[in-house]
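> Okay, handing you the structure first.
The values are calculated or read from the model by the stated rules, or taken from the named source; none is laboratory data. Just so it is clear, the structure is predicted and the values come from calculations on it, not from any experiment. Here the Cβ positions follow ideal geometry from the backbone for every residue, glycine too, while neighbour counts run over all protein chains shown. Just the protein is used for accessible areas: all its heavy atoms, side chains included, with ligands, DNA and RNA removed. Shrake-Rupley method; radii C 1.70, N 1.55, O 1.52, S 1.80 Å.
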Amino acid sequence: MSARFISEAVSVNNLVYTGWILLIILDQYEVTDGISPSQPFFWYLTGILLYAPCTMLVFSLWQYIKIHPDSLMTRLWVIQSIFNITMYGLFTIGIWKDYRTQTANIAHYRENGK
């Protein structure tokens, strides 16, 4: 198993991530009016939803890229890296929004004593 990188497993894993995210979004629209950009969860889901399909594409072409290192397909790594950076940027926005919500709740609690 260590002699060969199992790129198929990475592709299936990212396909499962994408499916779960789409199910979560569907569930949110059925239960509420959807996910708002003011919620930290929106930013986490958006980050993974952008990253997972891109990573699935790159790793589904892994064997071809390894065999043809001079092909244009190797530029997919640059695109995948951009999506990776974007995902972490969106995670940062989600963490920041969560922090702001918690500090606002703490301030409200201290003012009202409840």
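> Where residues in the range 64-114 are farther than 26 Å from Tyr44 by Cα and among the hydroxyl-bearing types (Ser, Thr, Tyr), which of them is most open to solvent (accessible area, probe 1.4 Å)?
Across the range 64-114, the extreme among qualifying residues is Tyr109.
> Having 3 or more residues that are within 30 Å of Gln102 (Cβ to Cβ) and modelled with pLDDT of 90 or more is the bar; report the helices (runs of 4 or more DSSP H) wholly within the range 1-84 that clear it.
Values: elements: 7-31, 40-60, 62-67.
Of the helices (runs of 4 or more DSSP H) lying wholly inside the range 1-84, those with at least 3 residues that are within 30 Å of Gln102 (Cβ to Cβ) and modelled with pLDDT of 90 or more span 7-31, 40-60.
> Across the range 40-63, which residue is surrounded by the fewest Cβ atoms within 10 Å (Cβ to Cβ) among those that are more than 21 Å from Glu8 (Cβ to Cβ) and hydrophobic (A, V, I, L, M, F, W, C)?
Let us first name the residues in the range 40-63 that are more than 21 Å from Glu8 (Cβ to Cβ), namely 40-47, 49-50.
Cutting the leftovers down to hydrophobic (A, V, I, L, M, F, W, C) gives us 41-43, 45, 49-50.
On the way: Phe41: 14, Phe42: 19, Trp43: 23, Leu45: 20, Leu49: 17, Leu50: 16.
Among residues in the range 40-63 that are more than 21 Å from Glu8 (Cβ to Cβ) and hydrophobic (A, V, I, L, M, F, W, C), the one surrounded by the fewest Cβ atoms within 10 Å (Cβ to Cβ) is Phe41.
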